[in-house]
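The structure appears right after this line, and notes come after that.
The values are calculated or read from the model by the stated rules, or taken from the named source; none is laboratory data. Everything quoted here is computed from the prediction, not taken from an experiment. In this analysis, Cβ positions are derived from the backbone assuming ideal geometry, glycine residues included, and neighbour counts consider all displayed protein chains. For accessibility, only protein heavy atoms count, side chains too; no ligands or nucleic acids. Shrake-Rupley method; radii C 1.70, N 1.55, O 1.52, S 1.80 Å.
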Amino acid sequence: MKAHRALLVLTGMIFLFAGKSSAQQVKTDYDRNADFGKYKTYSWEQVKTQNPLDVDRIKNTVNTTLAAKGWTRVDSGGDVRIVAMEITRDQQTLNTFYDGFGGGWGWRRFGGGGFGGVGDATTTTETYKVGTLVVDLFDAKTKQLAWRGSSSDTLSNNSDKNIENLDKGVEKMFKKFPSDSPKK
């Protein structure tokens, strides 16, 4: 019975950590009529974040990614203007642990089958922070949105872990970044 109970607790803990350590969600979209082949330079318009230390982190990560794609950052007057926004929100998850499943399926003393007593169920609510970075690229001449990427992930109390997730999120955002002229 102790092994059965330990297995249930272990299973519950697996679900707890699986729910909290969900994979980073990355979404992108772009204007199918925009000619990305003509964009060679960009300038930063604005970075909105609650943590002033994240401004340079976001800029550096995006700068490195765009430089690898052959784009050049200019102080002003780029072909594209970038606006980035970091949003933090609370997320809740419910975790239910079951204890004392009883006899389980099978025959009872005088023939009846059944699941047995379910025992106790304990449900707890866990609140954690989720951070989302949205990066918008606007055509400087038309002022129209050309591309948008967003990345969301659970925030850690460890700043280094959050910086690592920021870098991975931006890399994933720009992985399928359109770089050529639109296909007609």
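Listed values, structure above:
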item	result
Residue-by-residue Karplus 3J(HN,Hα) for the stretch 87-99, coefficients 6.51, -1.76, 1.60, Hz, glycine and proline x	10, 10, 9, 7, 10, 10, 9, 9, 10, 10, 10, 10, 9
Dipole magnitude of the stretch 37-96, debye to nearest 20 (Cβ charges: Lys/Arg +1, Asp/Glu -1, about Cα centre)	260
Karplus 3J(HN,Hα) series, Hz, for the stretch 127-134 with 6.51 cos²θ - 1.76 cosθ + 1.60 (x for Gly, Pro)	10, 9, 8, 10, x, 10, 10, 10
3J(HN,Hα) from dihedral phi, the stretch 139-156, Karplus parametrisation 6.51/-1.76/1.60, rounded to Hz, x for glycine, proline	5, 5, 7, 8, 6, 9, 5, 9, 7, 9, x, 9, 9, 10, 7, 5, 7, 9
Label-point gap, in nm, between K129 and Q50 - each point 7 angstrom along Cα→Cβ	0.6
Accessible surface of the stretch 33-74 [probe 1.4 Å, protein heavy atoms]: carbon and sulfur percent	44
